[in-house]
Amino acid sequence: VHRWVNYESMLKECLVGRMAVKPIAAPKGITFHVLTASYDLLLLTYFLTVGQPVPFRLLMTLLSIPCSLGNTSCDWFQTDSLITVVIYTKQKDVNAELVTVDCQDRRLRGEIIMEDHSYLVEVDLDHAVQEDLAVNIAEKVGKVEIILKKKDNIHWKMLGKPLESHNTFIKRMDRGLFYRKCKLASKTEVTHDTKLFCLMLPKSTHLHVPTGQHVYLKQIIAGREVVKPYTPVLPFLPLNFKEPSCHGGAHIYLMIKIYSCGLFTQALDHLQIGDYISLSNPEGNFKKSQVQTSEELFLLAAGTGFTPMVKLLNFALTEVSCLRTVKLIFFNKTEDDVLWRNQLEQLALKDERFEVQFILSQPTKDWVGKQGKISSSLLFEFVKRSRKDSKVLICICGPTPFTEQGVQYLKDLGYSQEEIHTFIA
Ligand code: FAD
Ligand code: NAP
(Lines give C-alpha, C1' and ligand atoms only; values in the text may rest on other atoms or scores of the structure.)
(Ligands and ions follow the chains in the order given, each with its own letter.)
Protein backbone atom coordinates (compact mmCIF):
# COMPACT_ATOMS: atom_id res chain seq x y z
CA VAL A 1 0.00 0.00 0.00
CA HIS A 2 2.68 2.46 1.02
CA ARG A 3 5.44 3.28 -1.42
CA TRP A 4 8.10 3.14 1.29
CA VAL A 5 7.17 -0.39 2.35
CA ASN A 6 9.44 -1.98 -0.20
CA TYR A 7 11.95 -4.77 -0.06
CA GLU A 8 15.13 -2.70 0.20
CA SER A 9 13.97 -0.20 2.80
CA MET A 10 11.98 -2.40 5.13
CA LEU A 11 11.06 -5.89 4.13
CA LYS A 12 14.61 -7.16 3.66
CA GLU A 13 15.15 -7.26 7.42
CA CYS A 14 11.97 -9.30 7.80
CA LEU A 15 13.01 -11.98 5.33
CA VAL A 16 12.40 -15.32 6.94
CA GLY A 17 13.42 -17.71 4.22
CA ARG A 18 11.59 -19.95 1.83
CA MET A 19 7.96 -20.83 2.39
CA ALA A 20 7.58 -23.98 4.43
CA VAL A 21 4.53 -25.92 3.37
CA LYS A 22 3.04 -26.80 6.70
CA PRO A 23 -0.75 -26.60 6.39
CA ILE A 24 -2.89 -25.68 9.36
CA ALA A 25 -6.51 -26.72 9.13
CA ALA A 26 -8.73 -23.89 10.22
CA PRO A 27 -12.49 -24.11 10.89
CA LYS A 28 -14.89 -23.86 7.94
CA GLY A 29 -12.46 -25.61 5.63
CA ILE A 30 -10.05 -22.66 5.34
CA THR A 31 -6.44 -23.79 4.94
CA PHE A 32 -3.42 -21.54 4.78
CA HIS A 33 0.29 -21.96 5.14
CA VAL A 34 2.45 -20.93 8.06
CA LEU A 35 5.22 -18.79 6.69
CA THR A 36 6.85 -18.28 10.02
CA ALA A 37 6.29 -18.75 13.70
CA SER A 38 5.16 -15.11 13.86
CA TYR A 39 1.46 -14.64 14.64
CA ASP A 40 1.44 -11.24 12.97
CA LEU A 41 2.26 -12.83 9.65
CA LEU A 42 -0.19 -15.63 10.27
CA LEU A 43 -2.97 -13.15 10.86
CA LEU A 44 -1.94 -11.12 7.86
CA THR A 45 -1.93 -14.27 5.72
CA TYR A 46 -5.46 -15.05 6.86
CA PHE A 47 -6.56 -11.52 6.09
CA LEU A 48 -5.03 -11.62 2.62
CA THR A 49 -6.48 -15.07 1.89
CA VAL A 50 -9.97 -14.61 3.23
CA GLY A 51 -10.32 -10.86 2.92
CA GLN A 52 -11.61 -10.46 6.50
CA PRO A 53 -10.03 -10.15 9.91
CA VAL A 54 -9.57 -13.43 11.77
CA PRO A 55 -12.76 -14.43 13.65
CA PHE A 56 -12.38 -14.54 17.43
CA ARG A 57 -12.72 -18.36 17.76
CA LEU A 58 -10.11 -19.00 15.07
CA LEU A 59 -7.82 -16.43 16.67
CA MET A 60 -8.00 -18.38 19.93
CA THR A 61 -7.16 -21.60 18.05
CA LEU A 62 -4.17 -19.96 16.41
CA LEU A 63 -2.90 -18.55 19.67
CA SER A 64 -2.81 -22.02 21.18
CA ILE A 65 -0.14 -23.14 18.68
CA PRO A 66 2.99 -23.56 20.84
CA CYS A 67 5.53 -21.74 18.73
CA SER A 68 6.33 -18.62 20.70
CA LEU A 69 7.71 -18.03 24.20
CA GLY A 70 7.91 -14.71 25.97
CA ASN A 71 7.11 -13.34 22.52
CA THR A 72 10.29 -14.93 21.17
CA SER A 73 10.19 -17.64 18.55
CA CYS A 74 12.59 -19.69 16.52
CA ASP A 75 12.62 -21.14 13.03
CA TRP A 76 15.17 -22.52 10.56
CA PHE A 77 15.74 -22.96 6.86
CA GLN A 78 18.45 -24.30 4.59
CA THR A 79 20.16 -23.84 1.28
CA ASP A 80 22.46 -26.41 -0.35
CA SER A 81 25.40 -25.33 1.80
CA LEU A 82 23.98 -23.39 4.76
CA ILE A 83 21.67 -23.86 7.72
CA THR A 84 20.14 -20.68 9.09
CA VAL A 85 18.50 -20.66 12.50
CA VAL A 86 16.36 -17.55 12.94
CA ILE A 87 15.23 -16.19 16.29
CA TYR A 88 12.58 -13.48 16.36
CA THR A 89 12.92 -11.67 19.67
CA LYS A 90 10.34 -8.98 18.87
CA GLN A 91 12.56 -6.64 20.87
CA LYS A 92 14.30 -3.55 19.61
CA ASP A 93 18.00 -2.99 20.34
CA VAL A 94 19.11 -6.62 20.35
CA ASN A 95 22.83 -6.29 19.71
CA ALA A 96 25.87 -8.54 19.36
CA GLU A 97 26.65 -8.31 23.10
CA LEU A 98 23.33 -9.91 23.99
CA VAL A 99 23.81 -12.97 21.80
CA THR A 100 26.12 -15.87 22.68
CA VAL A 101 26.38 -18.83 20.32
CA ASP A 102 28.41 -22.03 20.57
CA CYS A 103 28.50 -25.06 18.35
CA GLN A 104 30.53 -27.94 19.74
CA ASP A 105 30.37 -31.53 18.50
CA ARG A 106 27.10 -30.93 16.59
CA ARG A 107 25.50 -29.38 19.67
CA LEU A 108 24.19 -25.88 18.89
CA ARG A 109 23.54 -23.51 21.78
CA GLY A 110 22.33 -19.95 21.23
CA GLU A 111 21.41 -17.69 24.12
CA ILE A 112 19.84 -14.25 23.84
CA ILE A 113 19.67 -11.95 26.84
CA MET A 114 16.56 -9.78 26.97
CA GLU A 115 16.65 -7.50 30.01
CA ASP A 116 16.79 -9.93 32.96
CA HIS A 117 15.61 -12.93 30.91
CA SER A 118 17.39 -15.48 28.78
CA TYR A 119 16.02 -17.22 25.69
CA LEU A 120 17.78 -20.43 24.67
CA VAL A 121 18.03 -22.48 21.51
CA GLU A 122 19.71 -25.81 22.23
CA VAL A 123 19.71 -28.59 19.66
CA ASP A 124 21.71 -31.70 18.79
CA LEU A 125 22.11 -30.99 15.09
CA ASP A 126 20.95 -33.60 12.59
CA HIS A 127 24.22 -33.51 10.64
CA ALA A 128 27.75 -32.21 11.05
CA VAL A 129 28.61 -28.56 10.38
CA GLN A 130 31.89 -26.75 9.78
CA GLU A 131 33.72 -25.10 12.65
CA ASP A 132 33.08 -21.44 11.87
CA LEU A 133 29.67 -19.89 12.24
CA ALA A 134 28.26 -16.40 11.67
CA VAL A 135 25.72 -14.39 13.59
CA ASN A 136 23.68 -11.65 11.88
CA ILE A 137 21.52 -9.31 13.87
CA ALA A 138 18.82 -7.04 12.49
CA GLU A 139 18.68 -4.68 15.48
CA LYS A 140 15.62 -2.74 14.36
CA VAL A 141 13.38 -5.78 14.19
CA GLY A 142 15.16 -7.89 16.80
CA LYS A 143 15.91 -10.77 14.43
CA VAL A 144 18.96 -12.95 15.11
CA GLU A 145 20.30 -15.33 12.47
CA ILE A 146 22.80 -18.07 13.27
CA ILE A 147 24.38 -19.24 10.03
CA LEU A 148 26.07 -22.63 10.01
CA LYS A 149 27.96 -24.17 7.10
CA LYS A 150 26.98 -27.74 6.28
CA LYS A 151 29.87 -30.18 6.24
CA ASP A 152 28.19 -32.18 3.45
CA ASN A 153 25.82 -30.64 0.93
CA ILE A 154 22.90 -32.87 1.79
CA HIS A 155 19.28 -31.95 2.47
CA TRP A 156 18.46 -31.90 6.19
CA LYS A 157 15.03 -33.30 7.07
CA MET A 158 15.08 -31.60 10.47
CA LEU A 159 17.33 -29.19 12.35
CA GLY A 160 18.04 -31.79 15.00
CA LYS A 161 16.94 -33.12 18.34
CA PRO A 162 15.84 -30.39 20.77
CA LEU A 163 17.59 -30.62 24.13
CA GLU A 164 15.87 -30.17 27.47
CA SER A 165 16.33 -26.39 27.70
CA HIS A 166 15.59 -25.74 24.03
CA ASN A 167 13.12 -22.92 23.35
CA THR A 168 12.93 -21.81 26.96
CA PHE A 169 12.59 -18.24 28.19
CA ILE A 170 13.55 -17.95 31.84
CA LYS A 171 15.10 -15.51 34.31
CA ARG A 172 18.74 -14.94 33.41
CA MET A 173 19.96 -15.84 36.90
CA ASP A 174 18.20 -19.22 36.69
CA ARG A 175 20.15 -20.22 33.57
CA GLY A 176 23.34 -22.04 34.56
CA LEU A 177 26.73 -20.86 33.35
CA PHE A 178 27.92 -22.36 30.10
CA TYR A 179 31.64 -22.86 29.48
CA ARG A 180 33.74 -23.29 26.35
CA LYS A 181 37.46 -24.11 26.21
CA CYS A 182 39.70 -21.21 25.17
CA LYS A 183 43.32 -21.35 24.14
CA LEU A 184 45.86 -19.20 25.97
CA ALA A 185 47.29 -17.12 23.12
CA SER A 186 49.65 -14.84 25.07
CA LYS A 187 50.63 -13.70 28.53
CA THR A 188 52.33 -10.32 29.08
CA GLU A 189 53.56 -8.56 32.17
CA VAL A 190 51.70 -5.46 33.31
CA THR A 191 53.39 -5.01 36.70
CA HIS A 192 55.60 -7.16 38.96
CA ASP A 193 52.59 -9.30 39.96
CA THR A 194 49.90 -8.64 37.34
CA LYS A 195 49.65 -10.11 33.84
CA LEU A 196 47.52 -9.60 30.76
CA PHE A 197 46.20 -12.97 29.58
CA CYS A 198 44.89 -13.19 26.02
CA LEU A 199 42.46 -16.08 25.49
CA MET A 200 41.33 -17.16 22.03
CA LEU A 201 37.70 -18.18 21.66
CA PRO A 202 36.92 -21.18 19.45
CA LYS A 203 35.84 -20.33 15.88
CA SER A 204 32.50 -21.89 16.69
CA THR A 205 31.79 -19.36 19.44
CA HIS A 206 30.21 -15.92 19.15
CA LEU A 207 30.69 -14.10 22.46
CA HIS A 208 31.14 -10.44 23.44
CA VAL A 209 31.50 -9.44 27.05
CA PRO A 210 29.49 -6.25 27.63
CA THR A 211 31.04 -3.26 29.37
CA GLY A 212 30.84 -3.70 33.15
CA GLN A 213 30.31 -7.46 33.06
CA HIS A 214 32.59 -10.32 34.08
CA VAL A 215 33.13 -13.95 33.10
CA TYR A 216 34.15 -16.99 35.12
CA LEU A 217 37.25 -19.06 34.50
CA LYS A 218 37.25 -22.72 35.46
CA GLN A 219 40.21 -25.03 36.03
CA ILE A 220 40.66 -28.44 37.60
CA ILE A 221 43.09 -27.92 40.50
CA ALA A 222 44.21 -30.93 42.53
CA GLY A 223 41.32 -32.94 41.07
CA ARG A 224 38.63 -30.34 41.92
CA GLU A 225 36.83 -27.81 39.77
CA VAL A 226 37.71 -24.26 40.83
CA VAL A 227 35.84 -21.26 39.43
CA LYS A 228 36.76 -17.56 39.81
CA PRO A 229 35.31 -14.37 38.26
CA TYR A 230 37.41 -12.00 36.10
CA THR A 231 36.52 -8.81 34.24
CA PRO A 232 37.71 -8.61 30.61
CA VAL A 233 39.64 -5.51 29.59
CA LEU A 234 40.86 -4.17 26.24
CA PRO A 235 44.40 -5.00 25.05
CA PHE A 236 45.34 -1.35 25.67
CA LEU A 237 43.70 1.97 26.35
CA PRO A 238 43.36 3.91 23.12
CA LEU A 239 40.61 6.25 22.23
CA ASN A 240 38.19 4.92 19.68
CA PHE A 241 39.00 1.29 20.25
CA LYS A 242 36.42 -0.91 18.56
CA GLU A 243 36.42 -4.64 19.14
CA PRO A 244 36.86 -6.33 15.76
CA SER A 245 33.44 -7.17 14.40
CA CYS A 246 34.47 -10.05 12.18
CA HIS A 247 34.87 -13.09 14.34
CA GLY A 248 33.54 -10.68 16.96
CA GLY A 249 35.61 -10.62 20.10
CA ALA A 250 37.65 -13.64 19.05
CA HIS A 251 40.11 -12.69 21.78
CA ILE A 252 39.33 -12.01 25.40
CA TYR A 253 41.88 -10.03 27.45
CA LEU A 254 42.07 -10.49 31.21
CA MET A 255 44.28 -8.48 33.55
CA ILE A 256 44.96 -10.75 36.50
CA LYS A 257 46.99 -10.29 39.67
CA ILE A 258 48.92 -13.42 40.63
CA TYR A 259 48.78 -13.90 44.42
CA SER A 260 51.78 -15.76 45.85
CA CYS A 261 49.44 -18.04 47.83
CA GLY A 262 46.45 -17.77 45.50
CA LEU A 263 44.87 -21.10 44.60
CA PHE A 264 43.49 -20.13 41.21
CA THR A 265 45.99 -17.48 40.10
CA GLN A 266 48.99 -19.72 40.82
CA ALA A 267 47.51 -22.46 38.60
CA LEU A 268 46.68 -19.86 35.95
CA ASP A 269 50.22 -18.55 35.99
CA HIS A 270 51.49 -22.07 35.31
CA LEU A 271 49.47 -22.39 32.09
CA GLN A 272 51.62 -22.51 28.97
CA ILE A 273 50.83 -20.73 25.71
CA GLY A 274 48.55 -23.11 23.76
CA ASP A 275 47.00 -24.61 26.91
CA TYR A 276 43.23 -24.50 27.32
CA ILE A 277 41.04 -23.03 30.06
CA SER A 278 37.24 -22.92 30.37
CA LEU A 279 35.52 -19.53 30.13
CA SER A 280 31.86 -18.84 30.90
CA ASN A 281 29.16 -16.61 29.43
CA PRO A 282 29.14 -13.02 30.69
CA GLU A 283 27.37 -12.04 33.88
CA GLY A 284 26.71 -8.74 35.65
CA ASN A 285 24.11 -6.09 36.19
CA PHE A 286 25.81 -2.96 34.90
CA LYS A 287 23.76 -1.10 32.28
CA LYS A 288 25.41 1.22 29.77
CA SER A 289 22.33 3.40 29.94
CA GLN A 290 23.49 4.47 33.43
CA VAL A 291 26.43 6.23 31.75
CA GLN A 292 24.47 7.44 28.74
CA THR A 293 22.29 9.62 30.93
CA SER A 294 25.16 11.12 32.99
CA GLU A 295 27.06 14.37 32.66
CA GLU A 296 29.83 13.50 35.10
CA LEU A 297 31.37 10.08 35.66
CA PHE A 298 33.56 9.32 38.69
CA LEU A 299 35.44 6.01 38.83
CA LEU A 300 36.89 4.81 42.15
CA ALA A 301 39.21 1.82 41.71
CA ALA A 302 41.55 -0.05 44.04
CA GLY A 303 44.15 -2.51 42.70
CA THR A 304 42.66 -4.87 40.11
CA GLY A 305 39.34 -3.17 40.80
CA PHE A 306 40.59 -1.09 37.86
CA THR A 307 39.59 -3.85 35.39
CA PRO A 308 35.88 -2.93 34.92
CA MET A 309 36.95 0.71 34.47
CA VAL A 310 38.90 -0.09 31.29
CA LYS A 311 35.94 -0.83 28.99
CA LEU A 312 33.89 1.73 30.85
CA LEU A 313 36.44 4.46 30.11
CA ASN A 314 36.59 3.49 26.48
CA PHE A 315 32.80 3.48 26.19
CA ALA A 316 32.35 6.76 28.09
CA LEU A 317 34.97 8.69 26.16
CA THR A 318 34.11 7.37 22.71
CA GLU A 319 30.36 6.89 22.75
CA VAL A 320 28.78 9.19 25.35
CA SER A 321 28.69 12.74 24.07
CA CYS A 322 26.75 14.19 27.02
CA LEU A 323 29.60 13.45 29.47
CA ARG A 324 31.48 16.62 30.47
CA THR A 325 33.88 15.03 32.97
CA VAL A 326 35.32 11.55 33.49
CA LYS A 327 37.52 11.25 36.56
CA LEU A 328 39.39 8.13 37.74
CA ILE A 329 40.68 7.95 41.30
CA PHE A 330 43.01 4.98 41.48
CA PHE A 331 44.10 3.56 44.87
CA ASN A 332 47.20 1.36 45.12
CA LYS A 333 49.79 0.37 47.68
CA THR A 334 52.92 1.53 45.84
CA GLU A 335 53.92 3.13 42.53
CA ASP A 336 54.96 -0.29 41.21
CA ASP A 337 51.43 -1.59 41.70
CA VAL A 338 49.75 1.00 39.48
CA LEU A 339 48.26 -0.68 36.42
CA TRP A 340 48.66 1.05 33.03
CA ARG A 341 49.82 4.32 34.63
CA ASN A 342 51.49 5.49 31.47
CA GLN A 343 48.45 4.73 29.30
CA LEU A 344 46.16 6.54 31.73
CA GLU A 345 48.39 9.61 31.72
CA GLN A 346 48.48 9.55 27.91
CA LEU A 347 44.70 9.30 27.81
CA ALA A 348 44.38 12.32 30.11
CA LEU A 349 46.59 14.29 27.73
CA LYS A 350 44.59 13.18 24.70
CA ASP A 351 41.11 13.86 26.07
CA GLU A 352 40.55 16.95 28.16
CA ARG A 353 37.36 15.54 29.68
CA PHE A 354 39.44 12.81 31.36
CA GLU A 355 41.42 13.24 34.57
CA VAL A 356 43.29 10.63 36.62
CA GLN A 357 44.49 10.78 40.23
CA PHE A 358 46.77 8.15 41.79
CA ILE A 359 46.61 7.65 45.54
CA LEU A 360 49.11 5.43 47.30
CA SER A 361 48.60 3.82 50.70
CA GLN A 362 52.24 2.66 51.15
CA PRO A 363 54.32 5.10 49.07
CA THR A 364 58.08 5.45 49.13
CA LYS A 365 59.68 8.73 50.25
CA ASP A 366 59.97 9.97 46.64
CA TRP A 367 56.23 9.93 45.97
CA VAL A 368 55.05 13.50 45.48
CA GLY A 369 51.44 12.63 44.72
CA LYS A 370 48.52 12.05 47.07
CA GLN A 371 48.74 9.40 49.73
CA GLY A 372 46.28 7.69 52.02
CA LYS A 373 43.22 5.53 51.75
CA ILE A 374 39.65 6.06 50.71
CA SER A 375 38.09 8.51 53.16
CA SER A 376 35.23 10.93 53.44
CA SER A 377 37.46 14.01 53.17
CA LEU A 378 39.21 12.64 50.11
CA LEU A 379 35.93 11.85 48.36
CA PHE A 380 34.51 15.23 49.36
CA GLU A 381 37.38 16.81 47.46
CA PHE A 382 37.45 14.54 44.40
CA VAL A 383 33.85 13.52 43.80
CA LYS A 384 32.32 16.94 43.55
CA ARG A 385 29.58 17.99 41.12
CA SER A 386 30.86 20.77 38.90
CA ARG A 387 27.30 22.12 38.74
CA LYS A 388 24.64 21.88 41.40
CA ASP A 389 22.19 19.95 39.22
CA SER A 390 24.74 17.77 37.33
CA LYS A 391 23.69 14.20 36.64
CA VAL A 392 26.42 12.10 38.23
CA LEU A 393 27.36 8.42 38.14
CA ILE A 394 29.96 7.04 40.55
CA CYS A 395 31.34 3.54 39.90
CA ILE A 396 33.37 1.79 42.55
CA CYS A 397 35.42 -1.43 42.51
CA GLY A 398 38.13 -2.99 44.67
CA PRO A 399 38.48 -5.19 47.76
CA THR A 400 35.01 -5.65 49.30
CA PRO A 401 35.73 -3.56 52.45
CA PHE A 402 37.07 -0.75 50.24
CA THR A 403 33.88 -0.79 48.16
CA GLU A 404 31.62 -0.94 51.22
CA GLN A 405 33.43 1.91 52.94
CA GLY A 406 33.39 3.97 49.76
CA VAL A 407 29.63 3.55 49.37
CA GLN A 408 29.08 4.59 52.98
CA TYR A 409 31.19 7.75 52.58
CA LEU A 410 29.37 8.64 49.36
CA LYS A 411 25.99 8.21 51.02
CA ASP A 412 27.16 10.37 53.92
CA LEU A 413 28.15 13.00 51.36
CA GLY A 414 24.59 12.98 50.04
CA TYR A 415 24.85 10.80 46.92
CA SER A 416 21.83 8.60 46.27
CA GLN A 417 21.78 4.84 45.60
CA GLU A 418 20.90 5.51 41.92
CA GLU A 419 24.04 7.62 41.53
CA ILE A 420 26.34 4.81 42.75
CA HIS A 421 27.21 1.55 40.98
CA THR A 422 29.29 -1.06 42.80
CA PHE A 423 31.07 -3.82 40.93
CA ILE A 424 30.73 -6.97 43.01
CA ALA A 425 30.24 -10.65 42.12
P1 FAD B 1 42.77 -17.30 46.86
O2 FAD B 1 43.33 -18.67 46.90
O3 FAD B 1 41.29 -17.14 46.94
O4 FAD B 1 43.45 -16.43 47.97
C5 FAD B 1 44.79 -16.55 48.39
C6 FAD B 1 45.33 -15.26 48.94
O7 FAD B 1 45.38 -14.31 47.88
C8 FAD B 1 44.50 -14.59 50.02
O9 FAD B 1 44.86 -14.98 51.30
C10 FAD B 1 44.83 -13.14 49.81
O11 FAD B 1 46.06 -12.82 50.34
C12 FAD B 1 44.95 -13.06 48.35
N13 FAD B 1 43.63 -12.76 47.77
C14 FAD B 1 42.84 -13.63 47.15
N15 FAD B 1 41.73 -13.06 46.73
C16 FAD B 1 41.81 -11.78 47.09
C17 FAD B 1 40.94 -10.70 46.94
N18 FAD B 1 39.77 -10.83 46.30
N19 FAD B 1 41.32 -9.52 47.45
C20 FAD B 1 42.51 -9.37 48.05
N21 FAD B 1 43.38 -10.39 48.23
C22 FAD B 1 43.03 -11.57 47.76
N23 FAD B 1 41.02 -10.33 39.94
C24 FAD B 1 41.89 -9.94 38.99
O25 FAD B 1 43.11 -10.06 39.18
N26 FAD B 1 41.43 -9.42 37.80
C27 FAD B 1 40.11 -9.29 37.53
O28 FAD B 1 39.74 -8.84 36.44
C29 FAD B 1 39.18 -9.68 38.53
N30 FAD B 1 37.86 -9.56 38.32
C31 FAD B 1 36.99 -9.91 39.32
C32 FAD B 1 35.63 -9.75 39.11
C33 FAD B 1 34.73 -10.03 40.12
C34 FAD B 1 33.25 -9.85 39.89
C35 FAD B 1 35.22 -10.50 41.37
C36 FAD B 1 34.27 -10.79 42.48
C37 FAD B 1 36.56 -10.71 41.57
C38 FAD B 1 37.47 -10.42 40.55
N39 FAD B 1 38.83 -10.65 40.72
C40 FAD B 1 39.69 -10.23 39.75
C41 FAD B 1 39.35 -11.43 41.87
C42 FAD B 1 39.43 -12.93 41.50
O43 FAD B 1 38.14 -13.45 41.28
C44 FAD B 1 40.09 -13.81 42.57
O45 FAD B 1 39.52 -13.52 43.82
C46 FAD B 1 41.59 -13.59 42.64
O47 FAD B 1 42.18 -13.88 41.36
C48 FAD B 1 42.27 -14.48 43.69
O49 FAD B 1 42.05 -15.82 43.45
P50 FAD B 1 43.02 -16.97 44.00
O51 FAD B 1 42.26 -18.27 43.94
O52 FAD B 1 44.32 -16.91 43.31
O53 FAD B 1 43.27 -16.55 45.51
P1 NAP C 1 45.41 -4.30 46.88
O2 NAP C 1 46.62 -4.10 46.04
O3 NAP C 1 45.52 -5.17 48.06
O4 NAP C 1 44.82 -2.88 47.37
C5 NAP C 1 44.64 -1.77 46.52
C6 NAP C 1 44.44 -0.52 47.37
O7 NAP C 1 43.23 -0.65 48.12
C8 NAP C 1 45.56 -0.31 48.37
O9 NAP C 1 45.84 1.04 48.46
C10 NAP C 1 44.97 -0.84 49.66
O11 NAP C 1 45.50 -0.24 50.80
C12 NAP C 1 43.52 -0.41 49.49
N13 NAP C 1 42.67 -1.19 50.37
C14 NAP C 1 42.65 -2.53 50.54
N15 NAP C 1 41.74 -2.87 51.45
C16 NAP C 1 41.19 -1.72 51.88
C17 NAP C 1 40.20 -1.42 52.84
N18 NAP C 1 39.62 -2.36 53.55
N19 NAP C 1 39.88 -0.12 53.03
C20 NAP C 1 40.49 0.84 52.37
N21 NAP C 1 41.44 0.61 51.46
C22 NAP C 1 41.79 -0.65 51.21
O23 NAP C 1 44.21 -4.79 45.95
P24 NAP C 1 44.18 -6.07 45.01
O25 NAP C 1 44.94 -7.19 45.62
O26 NAP C 1 44.51 -5.66 43.61
O27 NAP C 1 42.65 -6.48 45.08
C28 NAP C 1 41.71 -5.93 44.25
C29 NAP C 1 40.32 -6.38 44.66
O30 NAP C 1 39.37 -5.98 43.70
C31 NAP C 1 40.15 -7.86 44.88
O32 NAP C 1 39.51 -8.04 46.12
C33 NAP C 1 39.25 -8.30 43.76
O34 NAP C 1 38.42 -9.37 44.15
C35 NAP C 1 38.45 -7.05 43.51
N36 NAP C 1 37.92 -6.97 42.13
C37 NAP C 1 36.58 -6.97 41.99
C38 NAP C 1 36.04 -6.87 40.74
C39 NAP C 1 34.55 -6.83 40.54
O40 NAP C 1 34.04 -6.61 39.48
N41 NAP C 1 33.78 -7.04 41.55
C42 NAP C 1 36.86 -6.76 39.62
C43 NAP C 1 38.23 -6.78 39.81
C44 NAP C 1 38.77 -6.88 41.08
P45 NAP C 1 46.37 -1.05 51.90
O46 NAP C 1 47.75 -0.51 51.85
O47 NAP C 1 45.73 -0.74 53.21
O48 NAP C 1 46.30 -2.51 51.59
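The values are calculated or read from the model by the stated rules, or taken from the named source; none is laboratory data. Everything quoted here is computed from the prediction, not taken from an experiment. All Cβ positions, even for glycine, are placed from backbone atoms using ideal geometry, and neighbour counts span all protein chains on display. In case anyone asks, the SASA skips ligands and DNA or RNA and just uses the protein heavy atoms, side chains included. Shrake-Rupley method; radii C 1.70, N 1.55, O 1.52, S 1.80 Å.
At-a-glance table
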| quantity | calculated |
| --- | --- |
| Residue identified as more than 16 Å from residue 236 (Cβ to Cβ), within 16 Å of ligand 1 (Cβ to nearest atom) and either charged (D, E, K, R) or in contact (Cβ under 8 Å) with a residue 12 or more places away in the chain (or both) among 304, 293 | 304 |
| Qualifying residues in the stretch 68-103 (those that are open to solvent by less than 40 Å² (accessible area, probe 1.4 Å) and closer than 13 Å to residue 133 by Cβ) - the one farthest from the chain's Cα centre (by Cα) | 83 |
| All positions within the stretch 379-412 that are at pLDDT below 95 and not hydroxyl-bearing (Ser, Thr, Tyr) | 380, 381, 382, 383, 384, 385, 387, 388, 389 |
| Criterion (more than 16 Å from ligand 2 (Cβ to nearest atom), closer than 25 Å to residue 191 by Cβ and of a type in the set (Asp, Glu)) met by exactly one of 337, 366 | 366 |
| From the options 145, 97, 164, residue that is within 16 Å of residue 76 (Cα to Cα) and either assigned by the TED database to the domain that holds residue 80 or part of a loop (DSSP other than H, G, I, E, B) (or both) | 145 |
| Lone qualifier among 354, 382, 358, 423 - being out of contact with any Lys or Arg (no Cβ under 6 Å at 6 or more places or on another chain), within 16 Å of ligand 1 (Cβ to nearest atom) and aromatic (Phe, Trp, Tyr) | 423 |
| Options 374, 424: the member that is under 21 Å from residue 308 (Cβ atoms), within 16 Å of ligand 2 (Cβ to nearest atom), in a loop (DSSP other than H, G, I, E, B) and open to solvent by 60 Å² or more (accessible area, probe 1.4 Å) | 424 |
| Filtered residues of the stretch 320-355 (kept if among the hydrophobic types (A, V, I, L, M, F, W, C), surrounded by 19 or more Cβ atoms within 10 Å (Cβ to Cβ) and either assigned to a helix (DSSP H, G or I) or in contact with a helix residue (DSSP H, G or I) (Cβ under 8 Å, 6 or more places away or on another chain) (or both)) | 323, 326, 328, 329, 330, 331, 339, 340, 344, 347, 354 |
| Residue in the stretch 151-165 that is surrounded by the fewest Cβ atoms within 10 Å (Cβ to Cβ), counting only those that are closer than 19 Å to residue 205 by Cβ and of a type outside the set (A, V, I, L, M) | 151 |
| Restricting the stretch 289-319 to residues that are buried (at least 17 other Cβ atoms within 10 Å of the Cβ) and in a loop (DSSP other than H, G, I, E, B), the residue that is farthest from ligand 2 (Cβ to nearest atom) | 295 |
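Okay, residues lined up against (1) at pLDDT below 95; (2) part of a loop (DSSP other than H, G, I, E, B); (3) open to solvent by less than 40 Å² (accessible area, probe 1.4 Å):
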residue: 169; (1), (2), (3): yes, no, no
residue: 173; (1), (2), (3): yes, no, no
residue: 180; (1), (2), (3): no, no, yes
residue: 192; (1), (2), (3): no, yes, no
residue: 211; (1), (2), (3): no, yes, yes
